[in-house]
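These notes concern the structure reproduced below.
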Amino acid sequence: MRFGFFLGASLEKITRTLPLILLLRQPDFSVSCSNKQAYCDRDKGSEENCWKTHSQVAEYSTAGEMAAPKGLLLYYNEYSFYSQKVVLALHEKKLPFETHDIDLNGEQYKPWFLQINPRGEVPVLQDSGKIIPDSARIIDYLEDNFSNGHSPRLIPMDQGGEVRQKITYFRGIIDKINGNVLTIGSLLHPELATGSKKVPFIGPVRKQLVNADKDSAKNLRKYAEDNPGAREMLLEKAENQEKKHEKMLNKEEFVAILKEADKLFDEVEAQLAQHADKTNWWLCTDEFTVADVSLTILLVRVNQIGMEPYFWTNGKRPHVEQYFMRVQERDSYKKTIPTAFSLVKTVFKTQMPLIIGGLFGRRNP
């Protein structure tokens, strides 16, 4: 009985402590160049004028913040759609890295983090003297700088230009589908998400997420007043968030987005069907590539929000369904995607003083 009471209280804590509550307002981003911003122009291919040094970043950190190590440090949130792409790529490339979990209930707008990423968004990779924002750029950076005998390539160079072109094509069309937009749309129009909801998008959290998205613009304006140096950027984000929220309230707009995703899954299904007789085949080749990284994280999010019946189950796209079952067996997947147990661990950590004291009352936010 006491244990049951504890579980009930823990579920309530999930709705109050999960960093995901504000997560869905964090789109992936592309940072423009300025003298004191972390930036890299991929098209120019230059690294000379791109990045802050370790010592510069360390100056911005307040007391108690994680010092920059000599190696790979990922600023991320484990439930972030775009962070998960980078984590999966890091594990696929077998690269050692450290993480700094950013609490998206406001830590991303603290002055020390805004100095690292003026957009206040995750993921951001720090590699010794360099700061790299944006999940796509981070993965490209890893591919360009960490591909050798010990670190597998995610774009194989030994299978010809046609294979590389196909990988690039599928990565491009998959990355056009914004997992956060799908998530908010599914919450606002639950009649379209008929599948079972998985952690962390469980019942009590869903209402909190809807409310958080609704209040996002108001909160961003408050952060703008608290951070004069980032005021213009935050006000711009607030305006964009208002427009996005209004758009997602329109069911026809969301259905149009689902139709675009449907076209993507048609192409993926057709591609997988071409090699259905090969048990070791992934999306474009027998090697797990950057296109598979993008596809995997998209499938994870669609499954978590209960939209898999809309896209692939019940015989709709059997090759996509089989692919998703296979990819869940990969070691990199298991290391990347948080489980229900890890969610409970998060609750335990954040509520440890209350657990020790045997108290299960409501906690002030």
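Which of rounded, prolate or oblate describes the stretch 190-307 when judged by the alpha-carbon gyration tensor and an a/c cut-off of 1.5? Since a/c reaches 1.5 and a/b is larger than b/c, the shape of the stretch 190-307 is classed as prolate.
Per residue, the average separation of C-alpha pairs within less than 8 Å and at least 6 apart gives the stretch 72-349 a relative contact order of 25 percent.
One Cα centroid belongs to the stretch 115-138, the other to the stretch 170-225; the line between them spans 23 Å. Taking 7 Å steps out from each Cα toward its Cβ at Asp103 and Glu191 produces label points 4.0 nm apart. For the stretch 114-224, the solvent-accessible area works out to 41 Å² per residue, with a probe of 1.4 Å and every protein chain left in place. Taken about its Cα centre, the stretch 63-179 carries a charge dipole of roughly 300 debye when the Cβ of each Lys and Arg holds +1 and the Cβ of each Asp and Glu holds -1.
Classify the stretch 72-349: rounded, prolate or oblate, from the alpha-carbon gyration tensor (a ≥ b ≥ c, eigenvalue square roots; a/c under 1.5 rounded; otherwise prolate if a/b is larger than b/c)? Here the stretch 72-349 falls in the oblate category.
The peptide list 146-152, 175-181, put in order of mean Cβ contacts within 10 Å with the highest first, becomes 175-181, 146-152. Nonpolar atom fraction for the stretch 157-316, defined as the carbon and sulfur part of the 1.4 Å probe accessible area, stands at 49 percent. Over the stretch 225-350, accessible surface divided per residue gives 49 Å², non-protein components excluded, 1.4 Å probe.
In a reduced charge model with +1 at each Lys and Arg Cβ and -1 at each Asp and Glu Cβ, the stretch 72-349 shows a dipole moment near 600 debye about its Cα centre.
The values are calculated or read from the model by the stated rules, or taken from the named source; none is laboratory data. This one's a predicted model, so the numbers in the text were calculated from it and none came from an experiment. With ideal geometry, Cβ positions are generated from the backbone for all residues, glycine too; neighbour counts draw on all protein chains shown. Heads up: the accessible areas ignore ligands, DNA and RNA and are worked out on the full protein's heavy atoms, side chains in. Shrake-Rupley method; radii C 1.70, N 1.55, O 1.52, S 1.80 Å.
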